[in-house]
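The values are calculated or read from the model by the stated rules, or taken from the named source; none is laboratory data. Quick caveat, the model's predicted, so the values are computed rather than measured. Here Cβ is always computed from backbone atoms with ideal geometry, including for glycine, and neighbour counts include all displayed protein chains. Protein only, heavy atoms only, side chains kept; ligands, DNA and RNA dropped before computing areas. Shrake-Rupley method; radii C 1.70, N 1.55, O 1.52, S 1.80 Å.
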Amino acid sequence: MWFLFLITGLYLLIPAIRLVVKDKRITEYFLFCTIILNYALPFILELMEVVLPVLQPLVEIMKNNLKSLHFADTASFICYFVLGHYLHTTNFSKRMSDLVIMLGIIVCIFIALAKCNVINTSFVVFYHFNSLLVLLQSVSVFLFAKAYIKDVGPVLSSFSRFSFGIYLVH
C-alpha cells in the first residue's frame, strides 16, 4: 500500500513538475541530474566495489555520502514520471529509437550476466527500481511500444480492468 501514498504525492507535485516539463531544456537538465545522482553513480559505485575491491573503503564513504542526501527516496519516482512525459513528447528518429532499444536490451543482458558470474549470485541492486538497468529496460520498453505498437489504446485497455486489483495485491 506504500505506493498509494507515493501516487498521491506525485499528483500533489504535478503543478511543480509542470514547471519543469514546460521547458524542454530544463526537463533535460532535470533528467540528466536525476539519472546521474540516482542511477548512474550508485551503479558505478556498485561495480567498483566488485571490480576494484581495493577501493572498497572509498566506495563505502561515497555510498554513505550519497545515501545521506536522501535523493533516492523520492527522486527516482519523479524521474520516471518526468521521463515518461519526455519520451512521450519527444520525437526520436526510428534509428535512434532502435539504437536505444537494442542498447537497453544488450547492456541489461550483458551487465546482469557479468555481475552474476563475478560474484556467483543475482545481485538485487541490479533488479531494484532504482537500478540503472531497470531504467534502461523501462526506456527500451517505452520506446519499443511507442515505435512499434501503433495503437496502444486497445492493448492498455485490456490490462486496465485488472490494474486496480494488481495494485491491491501488490
(message) Looking at VAL59, VAL51, VAL21, can you tell me which residue is in contact (Cβ under 8 Å) with a residue 24 or more places away in the chain and open to solvent by less than 70 Å² (accessible area, probe 1.4 Å)?
(response) VAL21
(request) Could you tell me whether VAL82 is at pLDDT below 80 and closer than 18 Å to SER131 by Cα? (result) no
(request) Among the residues of the stretch 95-126, write down those that are at pLDDT 85 or above and polar (S, T, N, Q). (result) SER97
(request) Answer yes or no: is there a residue in the stretch 91-99 that is of a type in the set (A, V, I, L, M), in contact with a helix residue (DSSP H, G or I) (Cβ under 8 Å, 6 or more places away or on another chain) and surrounded by 13 or more Cβ atoms within 10 Å (Cβ to Cβ). (result) no
(request) Please find, among PHE92, PHE129, the residue that is at pLDDT below 75, assigned to a loop (DSSP other than H, G, I, E, B) and within 30 Å of LEU19 (Cβ to Cβ). (result) PHE129
(message) Here's a check for you: in the stretch 62-75, which residue that is open to solvent by less than 70 Å² (accessible area, probe 1.4 Å) and assigned to a helix (DSSP H, G or I) is modelled with the lowest pLDDT?
(response) LEU66
(request) Name the one entry in ILE78, ILE36, ILE44 that is loosely packed, with under 13 Cβ neighbours inside 10 Å and among the aliphatic types (A, V, I, L, M). (result) ILE36
(request) Filter the stretch 148-170 down to residues that are within 25 Å of MET96 (Cβ to Cβ) and open to solvent by 90 Å² or more (accessible area, probe 1.4 Å) and give me whichever is modelled with the lowest pLDDT. (result) LEU156
(request) Would you check if VAL51 is at negative phi and over 17 Å from the mean Cα position of the chain (by Cα)? (result) yes
